[in-house]
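Enquirer: This is the structure, below, for whatever I ask next.
We did not get these values from a lab; they are worked out from the coordinates using the rules stated. Here the structure is a predicted model, which means the values were calculated and not measured. Heads up, the Cβs are rebuilt from the backbone with ideal geometry, glycines too, and the neighbour counts pull from every protein chain shown.
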């Protein structure tokens, strides 16, 4: 996740130690089967899955039974003499027709379930799920806060130290987020999925389905969660480097708890927005910036050094070897000096590249993803870290002016 | 039918041939080209296998220990490309080269010079493909399916990958044209279509599939290229395109491609089981029709690879029903093999062991395939380890086992020596146990909710991942036994008779072992009782 070489080397290899294996809590869990889940759809899918599984087991017992009986008894070493039959239209017909009938028997319940799953009518509320490299955003389309739709990003909470074995792994290793999607129990929730950059797939096994999040298109699904609880899932479509590190957590609440959560969240978001108008201190901005930079670190790395050939370093004077299509837009925007090293431009130039992104490269436009405070903080952080000594303090008000 | 001297090339035909490396570079002989293909394929099998072991080593336990996620993604992508286009497909082309002319009584392939080109494109294509691992930004890491927009984020490697895929495609199409031309034009008198050995039949149908779909892949990757470098928007929604359209085009190629890798395997198993059951193949005609039906159905089921992209209900139902239908002809094949073994007089030399394991384990892959066909359940299975388990069951103990069975079965004919039966059996048992320890637990992982193509996983998946990795190393290292058996057999061993297998039928067994460089220069007489060996 952070180092810029493909191999982790000797230190990594040493971590594959025997004691670590047996002390791990992991061995308590050998889940064999699909979860029945917590929605009527997931129950139906589970039943369908089991029905077809048992049909396969039954066919398997017959076919393998005959084969193994034959293998044991029709051996040359047992004196078996080969029969010479090699055709029978009746038998051929039978083992064509019987499977067709079995398939029809499977198709009927499968069709019914599919039809029910596609019925997104009469939803009580609609959530828009947007996939990003590498996090999710949830928008409550029916809820407004200060004139805008209620929405927030949901990032992986597991620390790199846990991933690299420098800290013990939590119980929900890789399946924890900073802000879960909170849903009311017993309500029909319509979920529309889309993506900002590449294709992702939103999957919580307890709901019974996954649905691809496709940039430029919107997919619809629905769910009605039956019991309160925390349900975890992951992105299911390869979406780049940190595909394995963008989990989904749903917290399902009873109606009163949900209403309280909604009110608290709205109040919190309003307070956050108000803070954009006041003057921020350098320390505040640096602290906030360090946490916002985790978004950037997915590509530019936690040490700001980027990855050669792919993601430029954010440190002035660093060389960046990359194919021309990556270098040209940087040069145009004044981020490469004459020697081809990284040059960090003015605050305005810098803010622009962050807010508008570079079309055609993995650098997305963050104007919509980050608040004024967050952009101001992360710019301050970048301009004063890893040997960058531009000394600027970028205020949220300055970013607001640029919008 | 007996082999007479005039069917074997007189020695003076050969002394103009160059020696050493130039001999292999310029050869137009189907047996030599067959050998080149098989050696190339085995090399790529070890290259792709090493990548698989890197993947399984990283997944041995939770956390990142050995590789970084981006390099992991390069490994999953390259492993697939190398195994599909470098190991499995060339192995079948190699077998086709060696066997089809000998099985139908032809002197060589119909287009020998093109045959030389078909092969020699491959090493260049794969050198190009593998060299991308050392380029700025690394090799392709968006999965072998190359879905945009992700694949468009590939670095300097991108155009090289596309060119390599084009070269593989050209090679495959040329090979397929050659197979069709040979089978349709060079059969010995009396070798009617319905007397051809099933391996020839399955390859004929496979060759048509190749010609139909490789250009589709070429079109899809060319559109990716223009989207990235020439400002087109085929797959870019912002420019009026559709990323899902790529998936439709890709899988229109991709699903027939799956059968390109399994139909010749069906052919091989249909040769081997009758030999060791000492009983004619049950339902020859129905086997031919089932193969043709599978090939036809392969063109109308592509949507089942993409049930979760949000197709209309009618589309989902169509692809679900069409996919379920494949179970019928595939079932017919399994039942026919079962009926061939029934009341036979069986022995279990290594080729038969691999063939029987093929039938059992391929059928398990078929069962999980049937489960995956059920669209609502697929919403849970899609893109999980359940899918990984499914396609590895049909490709490893399926396609790869059939190639190994074929190697053991025809090695005596190729080398003139018997292979070491003890080592062969050791190789079989290590492989059969290893492959199940490797892939069976992956069914559980997928059902428990582990997505595919992730370098690190939640703690509840740790147990089965560790078992799977242990199986991977057992299976991987067992293949060194295979390598040793083949080398040992080439270097010497008990001399093989013309027909080393008591129950074998077919023209190739009428030739001496090793098969001379030139055979059937005069077409053989076909004995109707020897029909469809």
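Enquirer: To the nearest 0.05, what FRET efficiency results for residue B:136 and residue A:361 with a Förster distance of 22 Å applied to their C-beta separation?
Expert: So, using R0 = 22 Å, E works out to roughly 0.95.
Enquirer: Treating segment A:40-117 as a set of equal point scatterers at the Cα positions, no solvent, please give the Debye-formula log₁₀ I(q)/I(0) at q = 0.13, 0.14, 0.25, 0.26 Å⁻¹.
Expert: Here the Debye-derived log intensity ratios amount to -0.62, -0.68, -1.18, -1.21.
Enquirer: For residue A:77, project a label point 7 Å along Cα to C-beta. Then give me every residue of segment B:336-370 with its amide nitrogen under 11 Å of that point.
Expert: B:347-349
Enquirer: Report Rg(Cα)/(2.2 N^0.38 Å) for chain B, keeping two decimals.
Expert: In units of the 2.2 N^0.38 Å rule of thumb, it is 0.96.
Enquirer: Here's another thing I want to ask about it. Let me see the pair-distance distribution of chain A: every alpha carbon pair, 10 Å bin width, integer percents in order.
Expert: Result returned by the calculation: 4, 17, 23, 21, 16, 9, 6, 3, 1, 0.
Enquirer: Once the Cα atoms of segment A:261-403 are picked out, what are the Rg and Dmax in Å?
Expert: Expressed in Å, the Cα Rg and Dmax of segment A:261-403 come to 15.6, 54.
Enquirer: How long is the gain from residue A:251 to residue A:91 if the chain were fully straight, where each residue apart is worth 0.36 nm and the alpha carbon distance is subtracted?
Expert: In short, 52.0 nm is gained.
Enquirer: While we're on this one: On average, how much area does the Cα convex hull of segment B:41-130 cover when viewed from any direction, in nm²?
Expert: The orientation-averaged projected area of the Cα hull of segment B:41-130 comes to 6.8 nm².
Enquirer: Let me ask another. Based on the alpha-carbon gyration tensor of segment B:146-257 and its eigenvalue square roots a ≥ b ≥ c, which shape applies: rounded if a/c is under 1.5, prolate if not and a/b is larger than b/c, or oblate?
Expert: Prolate, because a/c is 1.5 or more and a/b exceeds b/c.
Enquirer: To continue, here is another question. Take the alpha carbon atoms of segment B:379-414, find their center, do the same for segment B:68-126, and report the distance between the two centers in whole angstrom.
Expert: Each part's Cα centre sits 16 Å from the other's.
Enquirer: What does the extension gain come out to for residue A:327 and residue A:281, with contour length at 0.36 nm per residue minus their alpha carbon separation? Don't jump to the answer; show the numbers that get you there.
Expert: Numbers: separation 46, 0.36 × 46 = 16.56 nm, distance 3.48 nm.
Here the segment from residue A:327 to residue A:281 would lengthen by 13.1 nm.
Enquirer: Next up: When only C-alpha pairs under 8 Å and at least 6 residues apart count, what is the relative contact order of segment A:177-330, in percent?
Expert: That works out to 18 percent.
Enquirer: If I model a spin label as a point 7 Å beyond the Cα along the Cα-Cβ vector, how far apart are those points for residue B:25 and residue A:153 in nm?
Expert: Between residue B:25 and residue A:153, the simple spin-label model gives 5.6 nm.
Enquirer: What does the average come to when, for each residue of peptide B:54-67, you count the partner chain Cβ atoms lying within 10 Å of its Cβ?
Expert: So the per-residue partner count for this stretch is 5.
Enquirer: Calculate, in whole percent, how much of the Cα-Cα pair population of the protein assembly as shown lies beyond 52 Å.
Expert: Numbers: 95023 of 437580 pairs.
That tail contains 22 percent of the Cα-Cα pairs.
Enquirer: How do A:76, A:400 rank when sorted from fewest to most other Cβ atoms within 10 Å of their own Cβ?
Expert: Exposure proxy ranking, most exposed first: A:400, A:76.
Enquirer: So what is log10(I(q)/I(0)) for segment B:31-182 at q = 0.09, 0.19 1/Å, when the Debye sum runs over its Cα atoms only?
Expert: -0.33, -1.07
Enquirer: Taking a virtual spin label 7 Å from the Cα of residue B:348 along the C-beta vector, which residues in segment B:268-286 bring their backbone nitrogen under 20 Å of it?
Expert: B:269-279, by backbone N distance to the label point.
Enquirer: Here is a further query. Tell me the Rg and the Dmax, in Å, that the Cα atoms of segment A:125-274 produce.
Expert: 15.3, 45
Enquirer: What share of the DSSP beta bridges in chain A is antiparallel, in percent to the nearest 5?
Expert: Here the share of antiparallel DSSP bridges comes out near 75 percent.
Enquirer: Can you give the log10 of the normalised intensity I(q)/I(0) at q = 0.13, 0.24 Å⁻¹, computed with Debye over equal Cα scatterers of segment B:349-433?
Expert: -0.49, -1.05
Enquirer: List the equivalent ellipsoid semi-axes of segment A:297-346 in whole Å, largest first, each obtained as the square root of 5λ for an eigenvalue λ of the Cα gyration tensor.
Expert: Value: 16, 12, 9 Å, ordered largest first.
Enquirer: Name the most mobile residue of A:320, A:245, A:64, meaning the one with the largest mean-square fluctuation, in a Gaussian network model of chain A with Cα contacts below 10 Å.
Expert: Top of the fluctuation ranking is A:64.
Enquirer: Other chains near B:361-374: what is the mean number of their Cβ atoms within 10 Å of each residue's Cβ? Mind dumping the intermediate values first?
Expert: Numbers: counts 0, 0, 6, 3, 0, 3, 7, 2, 1, 9, 7, 1, 5, 12.
Partner-chain Cβ atoms within 10 Å, mean over residues of B:361-374: 4.
Enquirer: If R₀ is 60 angstrom, what is the calculated FRET efficiency for the pair residue B:433 and residue A:187, using the beta carbon separation as r and rounding to 0.05? Spell out each step's value before the answer.
Expert: Details: r = 51 Å, r/R0 = 0.85.
Efficiency, rounded to the nearest 0.05: 0.75.
Enquirer: In the Gaussian network model of chain A, springs joining C-alpha atoms below 10 Å, which of A:167, A:276, A:196 carries the largest mean-square fluctuation?
Expert: A:167
Enquirer: Right, next: Provide the FRET efficiency to the nearest 0.05 for the residue B:527-residue A:119 pair, computing r from the beta carbons and using R0 = 45 Å.
Expert: Numbers: r = 65 Å, r/R0 = 1.44.
That pair, residue B:527 with residue A:119, gives E of 0.10.
Enquirer: Considering only A:99, A:325, A:184, give the residue with the highest GNM mean-square fluctuation for chain A, with springs between Cα atoms whenever their separation is below 10 Å.
Expert: A:99
Enquirer: Measure off 7 Å from each Cα along the Cα-to-Cβ vector at residue A:290 and residue A:397, then give the distance between these two points in nanometres to one decimal.
Expert: About 2.7 nm, to one decimal.
Enquirer: For A:191, A:102, A:71, A:108, what's the fewest-to-most ordering of other Cβ within 10 Å of each Cβ?
Expert: Ranking A:191, A:102, A:71, A:108 by Cβ neighbours within 10 Å, fewest first, gives A:108, A:71, A:102, A:191.
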